[in-house]
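Student: I have a structure I would like to understand better, so I am pasting it below and will then ask my questions one at a time.
The values are calculated or read from the model by the stated rules, or taken from the named source; none is laboratory data. Since this is a predicted model, take the numbers as computed values, not measurements. FYI the Cβ positions are ideal-geometry reconstructions off the backbone, even for glycines, and counts take in every protein chain you see.
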Amino acid sequence: MLESILNPKNAEDKPFHVFGIAILYSFVAMIFAQQLFPSQSSLLTIALITIIFVPFFQKLFETEETADITVHKNIYERHKKSILVFSGFFLGTMFAITGAYLFLPQSQLFTLQTETLGNIGAPTGKIISAEDFARFFFNNTKVMTLIFILSAVMGAGAVFILAWNASVIGVFVGLFSQNLASHTGSIAYLYGIPLALSSIALHGIPEILAYFVAGLAGGILSVGIIREKAFSNNFKIIFKDSLFLFAFAEFLIIGAALLEAIV
C-alpha cells in the first residue's frame, strides 16, 4: 500500500503530494507512538516517521543516481526535483507536529523537542562574539556531517534527523502561536505561524537547506557505491556531484551561522 502511495516517480513532479502524505503519516506515527509507548512517544514518533519514509527515499536516491549518468544537465537541474521532495517531506512533518502541539501542548509527544528549545538562546539583535559564531558554525557543521554520513551509510538515514529538525521547528511554531494567542486572542493562531517562521527564517532557511543538500549528497554517494564499480567513469561523476553538493551545504552552513550570530 505504501509503495503505491509514496511513488518516487510521481513525487518528483508532485512535491505537494509528498507534503500531504507527510502530514498524514506524521499524525499516524504520533497516534501509534502515544498508544504504544507514551513515555517515549516523543522519540518514537520520529522513528516511526523514518520507518515509513526510508524505503521511499531509498528509491528516490536510486532514481537520482541513474539521472546523474544518463541526463547531461548541470548539477542543479539534475537534483532540483529531489530537493523539492525533501522540502515537501520536511514541511509536511513540521505542519503536522505544529497542529498536534496546538491541540495537545502538554502531551509527552513533545517532551524532547520542548527540552531542546529550552536549551536554545533567543536572538539578541546585536552582533555577538566570534566565539559564538564559531559555536554556531561547528554545531551546525557537525549536524550536517552526521546527516551526510547517515545518508551515505544507511541510504536514507538522514530522514531521521530531518524529521527531528522538522519536529523541533513544529513545536517552536506551536509554542510561539500559543504564547501570542494568550495575549491577543484566538485570532493569533492565524498569523502566529507565519510570524514564528519569520523569526527563524533568516538563518533557518540556509541551515535547513544545507541539511537537505547534505542528505541528498550522501544518498547519491551511497547508491553510487552500491551500483557502480570503483573508479569507473560513472562513479567519478557521482563522487564529484556528491562532493560538490557537500561543499555547497558547508557554504550554506557558514552563511547560516553568520546570520544567527548577528540577528
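Student: Name the single residue, out of those in region 94-117 being in a helix (DSSP H, G or I) and polar (S, T, N, Q), that is nearest to F160 (Cα to Cα).
Tutor: That would be Q113.
Student: In addition: I'm told F32 meets every condition in (1) part of a loop (DSSP other than H, G, I, E, B); (2) modelled with pLDDT of 85 or more except one. Can you identify the failing condition by its number?
Tutor: F32 satisfies every listed condition except (1).
Student: Among the numbered criteria (1) more than 18 Å from F212 (Cα to Cα); (2) modelled with pLDDT under 85; (3) buried (at least 16 other Cβ atoms within 10 Å of the Cβ), which one does Q58 miss?
Tutor: Among (1) more than 18 Å from F212 (Cα to Cα); (2) modelled with pLDDT under 85; (3) buried (at least 16 other Cβ atoms within 10 Å of the Cβ), the lone unmet condition for Q58 is (1).
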